[in-house]
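The values are calculated or read from the model by the stated rules, or taken from the named source; none is laboratory data. On a predicted model such as this, the values are computed, not experimentally measured, just so you know. FYI the Cβ positions are ideal-geometry reconstructions off the backbone, even for glycines, and counts take in every protein chain you see.
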Amino acid sequence: MMHLVLSVALAIEVTVLLVCAVVLIFHSAWLVYYRRWSQPVLEQAVLSSGEDVAHLSRRDIWRLKHLPFQAEIKLFSALDRTVSSTERKRVTDLLHEAGLVGRAERRCRDRVWWKRLHAVRLLTLIGGGESVVPALLGDPSPVVRAQASDWAADHPTPGRVQALLGLLDDPSGLCRFKAANALVQIGALSAEPLAAYITAAQRSERSLLAGLGVAEGIADPRFLTPATALSTHTLETVRVGSARVLGNLGGAEGTDALQRMLVDQAPTVRAAAARALGVIGHWPAAPAMANLLRDRAWVVRHSAGLALRALGSPGRLFLQEMTTDEDRFAADMARQALDLPETGRVNVP
Amino acid sequence: MISPEVLHLLSTILIWVEWIVIGYFTLVNTYYAVILVTASMEMGRYMLEIRGEAFWRVLASKVAPRISVLAPAYNEATNIQDSVQGLLTLEYPNLEVVLVNDGSSDATMDVLKQAFELRPVHPIYQKRLYTKPIRALYRSELHSNLAVVDKERGGKADALDAALCIATGELVCSIDADTIIEADALARMVRPFLASDDVLAVGGTVRVANGCEIRGGRVVSTRVSRRPLAGFQVIEYLRAFLFGRLGLNYLGGNLIISGAFGLFRRESVLSAGGYAHDTVSEDMELVVRLRRRGYEQKGPHHVRFIPDPVAWTEVPTNLNQLRRQRDRWHRGLAEVLWRHKKMFLNPRYGKLGMLSFPYFVLVELLAPLMEVIGLAGLALGLYLHAVSLEFALLFFALAYGYCVLLSGLSLVLDELSFHRYERVRDRIGLLMWAMLENLGYRQLTTLFRLEGFVRFFLGRRDWGVMERKGFRADARVKP
């Protein structure tokens, strides 16, 4: 009996191994085959002159239409990084003519999450999807929502901006990241809605922080008032976020708020405010920042030292004065800050 | 001359031992079968999720978290310039490189100073971890995001701790200085952190660079080495990463992130006290400690392995180096598991304690011991006629055939997912190495691991020396 069991098990092993060998050899052959005929087709489209779509043979169009969906994704994602915008338009027109865009749009309504995902991904690569993709910003699957955010970044409208703002409070971190990324990429069009978003009451900490992160990336003057208002928020993390935004904006209102934050009870807020004033180059704050070199928290002393260094001559004067301060921690940090090289913003998180 | 009674007793004991070995064999292969299924499911799901994703978009992101790459280096004068150049050209928007010269006795610092125009600066960092004294801190005039720490020799863990104190990134990527990370690896590895706040660490795939063509600090052509030792190790690494670690994602997660390539939350590592200095497996010990703290303090505790970020490393090409390496790995495994033995079959630690930790104890740690007992028992059984030759051959074929099967399926997983080895002869070569692996090489590594096991009990703590041939620009890594 044992012999029989062992023999059967061995036979199964050998069979599976043979299957593995077949897959290893022939999978590659298939990849080589589709790459060999598809590459020239796309190159012809990319290199064609004038505004007309390249005239491809019926056979080539048929083959493009019947390319497996996964192969389409591979092909066009490889193309995505290498073509210019004009070449991309030619390829997109070609793919419309071949019916690939229509097929992808139909797949956006599929019941299977990964089919919807790949469809949106393909539409992000090749264009199209205006009628179906926006709805996927509310898809049950977080990866589909995240991909739809990427698409929305390339096709911004006020309605899509609002949907992206809604995703800043998404339970999925990937969605929040993609939405934030998309809003930064959209830029000025999202400034007004974002300013209203972070001003609105009863926002969760998570959504406020995400919103402030986007505001920091866009750095639009319309964020000045809401960021200043948030500089007195009850949550420490929000005050830090607002300091970072104000550091990108400057202005009298902003610098006043930042100087008030230099005496905040939380060390991270004081540090963020000092850092922001250094970024702005607001030298009138130098005396207050010099005083921060005596702060009990290392992170505050560190930020103040770097900020003074960033102020140039006024900051250096204060640093040099502090090197002889009776507080040895302040003196040490001042000496270290003075010793930094001219190039780059070193050690600034 | 042995008396019949003694002979009978020996045979009985032998049969009992063999049944225990068969029981162990069944348990181990059941684990492997489960891991194979979970690895395939995980790979399938993951590839569906990332296929066609434009990772390059993160390059333009202003909200991507800052990553500090921590690279300890000891006597790496041959490799160091290419390695650092490769790190500085990684495709990630918010990157810092912290290289630590851990008291090298060769020209490592001279090479760095010349190649990157280093300028000494007064060290300005918060010493949150104890390390051997730092002699100097340098910044590069050419690359503002490169910091070089020159310190007294303290070992890899000490060097990593020093780098942790200097680093400013929210995430830190620990690597070996001679590891080549693929350009888009960090953009891929950051994904799990973006997806969940509960992720502590992420590991990627380490592949064997021997035989590959390296140009400008990048692997430009993937080849399989013609040399048996390196070829066998390609199979081992593929099996370990694409089968073992991927499968463990479902079964409580990994206990190991390769020290050659892992991404961690910096604050979590600092809060846990950094790397342990009193173990030869500081990478595994850190991961286990982080996860344990996560469970005990009800904080983040997930460690994920994702297969698509890749780092390349040079593997030993002679038996002495291989022996020292495997000895050290197994000793380290034993040390860490013993240190954290409280977690074994402890429901407080969830799937980690009930599935993943027992796997490492029963399968990874005890395997060489049971294998040697099994083989010795089989040989003795044949000599005493307690076991028939036919049965012995069948069992041997089945056991090692199963290993070949796992290797073959790992190769298929790799081919269908990543298609790294483009040449047919390379894939055939890999299959051949998979089949030959169990005819001598596997037995050797089993002995080396057993040696490590014994040395653990004897209290040995040394690392041994790994001789590097180096990744010269425009050169093929010697097969």
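Some values worked out for this structure:
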quantity	calculated
Number of the condition not met by B:Asn75 [criteria: (1) more than 23 Å from B:Leu270 (Cβ to Cβ); (2) in contact (Cβ under 8 Å) with a residue 60 or more places away in the chain; (3) more than 14 Å from chain A (Cβ to nearest Cβ)]	(2)
Extreme residue, farthest from the chain's Cα centre (by Cα), among residues of region B:46-72 that are of a type in the set (Val, Ile, Thr) and either within 11 Å of another protein chain (Cβ to nearest Cβ) or in a helix (DSSP H, G or I) (or both)	B:Val63
Number of the condition not met by B:Ala195 [criteria: (1) under 19 Å from B:Arg266 (Cβ atoms); (2) in contact (Cβ under 8 Å) with a residue 24 or more places away in the chain]	(2)
Count of region A:87-134 residues which are among the hydroxyl-bearing types (Ser, Thr, Tyr) and either crowded, with 23+ Cβ neighbours inside 10 Å or under 22 Å from the mean Cα position of the chain (by Cα) (or both)	1
Candidate set: region B:379-420, residues that are at the interface with chain A (Cβ under 10 Å from one of its Cβ atoms) and in a loop (DSSP other than H, G, I, E, B); chosen: the one farthest from A:Leu17 (Cα to Cα)	B:Ser388
Some residue of region A:43-66 being modelled with pLDDT of 70 or more and within 8 Å of chain B (Cβ to nearest Cβ)	no
Residue within region B:181-194 that is assigned to a helix (DSSP H, G or I), in contact with a Lys or Arg (Cβ under 7 Å, 6 or more places away or on another chain) and either buried (at least 20 other Cβ atoms within 10 Å of the Cβ) or among the polar types (S, T, N, Q) (or both) present	yes
Test: residue in region B:56-64 that is in contact (Cβ under 8 Å) with a residue 60 or more places away in the chain, touching a helix residue (DSSP H, G or I) at 6+ places or on another chain (Cβ under 7 Å) and more than 21 Å from B:Gly216 (Cβ to Cβ)	yes
Options B:Cys173, B:Cys165: the member that is within 14 Å of another protein chain (Cβ to nearest Cβ) and in contact (Cβ under 8 Å) with a residue 12 or more places away in the chain	B:Cys165
B:Arg331 vs. criteria of a type outside the set (Gly, Ala, Ser) and over 29 Å from B:Val219 (Cα atoms)	yes
Qualifying residues in region A:22-38 (those that are modelled with pLDDT under 85 and within 7 Å of another protein chain (Cβ to nearest Cβ)) - the one farthest from B:Arg427 (Cα to Cα)	A:Leu31
Sole residue being touching a Leu at 6+ places or on another chain (Cβ under 6 Å), modelled with pLDDT of 95 or more and not β-branched (Val, Ile, Thr), chosen from A:Ala266, A:Ala273	A:Ala273
Elements of type helices (runs of 4 or more DSSP H) in region A:139-217, at least 1 residues being within 14 Å of chain B (Cβ to nearest Cβ) and within 15 Å of the chain's Cα centre (by Cα)	A:142-154, A:158-167, A:173-186
Region A:277-299, residues that are within 14 Å of another protein chain (Cβ to nearest Cβ) and in contact with a Lys or Arg (Cβ under 8 Å, 6 or more places away or on another chain)	A:Leu293, A:Asp295, A:Ala297
